[in-house]
Each structure stands twice: as C-alpha cells, then as structure tokens.
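A.B. asks: Structure provided below as structure tokens; questions to follow.
The values are calculated or read from the model by the stated rules, or taken from the named source; none is laboratory data. Here the structure is a predicted model, which means the values were calculated and not measured. Cβ coordinates were reconstructed from backbone atoms using ideal geometry, including for glycine residues, and neighbour counts include every protein chain displayed. Remember, those area values only see protein heavy atoms, side chains included, never the ligands or the DNA or RNA. Shrake-Rupley method; radii C 1.70, N 1.55, O 1.52, S 1.80 Å.
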Amino acid sequence: MNEAKLHELRAETAQLDSAGLVEWAWQQFGAKVAVASSLGAEDQVLVDLVSRVAPGLPVFTIDTGRLPEETCDLLQATLERYGLRIEVLFPAADDVELLVSEHGPNFFRRSVDDRRLCCQVRKVRPLRRRLAGLSAWMTGLRREQAQTRSQLERIEWDEGNGLLKINPLADWSQEQVWDYIRANKVPYNSLHDRGYPSIGCAPCTRAVAAGEDVRAGRWWWENPEHKECGLHR
C-alpha cells in the first residue's frame, strides 16, 4: 500500500474513537480482518469492544505451549463471559519437537538470536499462517508500552506480513486501560495483581518492582530495544 492511500485511511478514521475504529474495520473488511489477542489487559479491552460493536469479528490467540496457568484460566473466563468464539492457534508439533530436541527446553536465555528463534517457532509461524489471506489484522498495542512501540500509528502498513495493521488503543494510557477494565468489569489475568504488568510465556515473564518499566519483566536479561518477539517487529 502506498503512503497516499495510508494517509487517506488515517484521515478517514481520525475522528473515530477506539470502538468506532473497530466497527469501521469490521464494516470495511468483514471476515478479512481478525483480532490477535495475547490476553493481555489491552487485548481484553479490545475483545470487550469487539463484543459490543462487532461481535462477528474473528478473534484468535496463540498458545505457545509455555503459557502460565493463569493465562489459560483467563481464556476460559473470557470465553464464558463474552460467548465469542476465540480461535486458539498452536505451533506446529514437528517444529517444536525439532527445536527442543536440538537446543533443549530453555535454550532461549543464551542469546537474543536464540530467544527470537524460540519465538519464531512458537509465535511467529502460527501468526503468519493465520494472517495469510487476510486484508488487515487488529492488535491491542499502545505507544506507551515499550520503547519499540513509541511511533505506533492507529493504522499502519505491515510490510512483513503484507496487510494493514490496526491498533485501536495506540494512544491510550495505561491508566485508561485499567479504568476501562474496572468500569466494565472486564476479565483480566490474575498475575496483573501480583506485579506482572506484561505477561508472555511463563519462563520469559517475571514480576517487576515498583518504578520499573512495564516491560521490564519480559525477557529481563535483554536490552529494552530488543524486547519484541517478532509478532510486532
């Protein structure tokens, strides 16, 4: 997509709030757009918005095989709360078997490249399979979340996957996210109440101390500029 068309879409949706942008995407693309949820706080807000304005919009999540039990509990609670069908993707079993056989179960702490290889197998490949054939995908990403996301736009062109990427919460603050969750009784991961502001795979996530960055508990052995799994590079 060229810059002129991207600029046109941004101008067309500039006055829409987050719910309006979700509804616009559903009207524009129908089943050719899908929400990717990691079951984080922002993604739970996004699913709640979908349930209100676009309940037919496809939603999917990725089970890497290393998720905390609390995340699985949240998925069950979300299914029961909203009555939506959430498609659960898994990495290819052969890929995981080869990865662990060659490198061991916890090799990803050796280097950034090793960690990205693990993410590639467990997250990126399942995502790319699901995005194939779509015109757009939607995420709960926010600019405030990380150094790597500071330039995030509400509508972007995802060059790596060849489709539009829509981020309805791009300009939300963390306070706005939690105000919405509390006001609307949105289910959220119980680990958030135990000092985990950002939650991924269990061995790659820890609680953070007061004053630490919200992403400090993700891949804490790496520098901030490396902290992406490849889904949003």
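A.B. asks: Note down the magnitude of the dipole of the chain about its Cα centre, charges +1 on Lys and Arg C-beta and -1 on Asp and Glu C-beta and zero elsewhere, to the nearest 20 debye.
C.D. replies: 260
A.B. asks: Please tell me which of these pairs span more than 24 angstrom C-alpha to C-alpha: LYS5/LYS123; LYS165/LYS185; LYS32/LYS165; LYS32/LYS185?
C.D. replies: Correct reply: LYS5/LYS123; LYS165/LYS185; LYS32/LYS185.
A.B. asks: Okay, moving on. Where does the chain land at 222 nm, in deg cm²/dmol rounded to the nearest 500, when only DSSP H runs of n ≥ 4 count, each adding -39500 (n - 2.57), divided by all residues?
C.D. replies: When only DSSP H runs of four or more count, the value is -11500 deg cm²/dmol.
A.B. asks: While we're looking at this one, here's another question. Can you list residues whose amide H is under 5 Å from MET138's amide H, if they're 5+ apart or on another chain and H is modeled 1.01 Å from N?
C.D. replies: Counting only residues 5 or more places away or on other chains, the set is ALA34, VAL35, ALA36, ILE166.
A.B. asks: Label-point separation (nm) for GLU97 and GLU159, each offset 7 Å from Cα along Cα-to-Cβ?
C.D. replies: The two pseudo-label positions are separated by 3.8 nm.
A.B. asks: Take GLN120 and ALA210, extend 7 Å from each Cα along the Cα→Cβ direction, and tell me the distance between the two endpoints in nm.
C.D. replies: Output for this residue pair reads 4.3 nm.
A.B. asks: Quick one: among VAL47, VAL100, VAL177, which has the greatest mean-square fluctuation in a GNM of the chain with alpha-carbon springs under 10 angstrom?
C.D. replies: VAL100
A.B. asks: Where the centroid of each part is defined by its Cα atoms, how far is the stretch 108-143 from the stretch 34-77 in Å?
C.D. replies: The two parts, judged by their Cα centres, are 16 Å apart.
A.B. asks: With the full set of protein chains in place, find how many percent of the accessible area of the stretch 126-219 is carbon and sulfur; take the probe as 1.4 Å.
C.D. replies: Carbon and sulfur: 45 percent of the exposed surface of the stretch 126-219.
A.B. asks: OK, next. Give the relative contact order (percent, whole number) for the chain; include only Cα pairs under 8 Å separated by 6+ residues.
C.D. replies: For the chain, the relative contact order is 23 percent.
A.B. asks: Using the crude model of +1 on Lys and Arg Cβ and -1 on Asp and Glu Cβ, and no other charge, please compute the dipole size for the stretch 41-113 relative to its Cα centre, in debye to 20.
C.D. replies: That gives the stretch 41-113 a dipole magnitude of about 200 debye.
A.B. asks: Place +1 on the Cβ of every Lys and Arg and -1 on the Cβ of every Asp and Glu in the chain, take the dipole about the Cα centre, and give the residue among LEU89, ALA11, SER37 whose Cα lies farthest towards its positive end.
C.D. replies: It is LEU89, whose Cα lies furthest towards the positive end.
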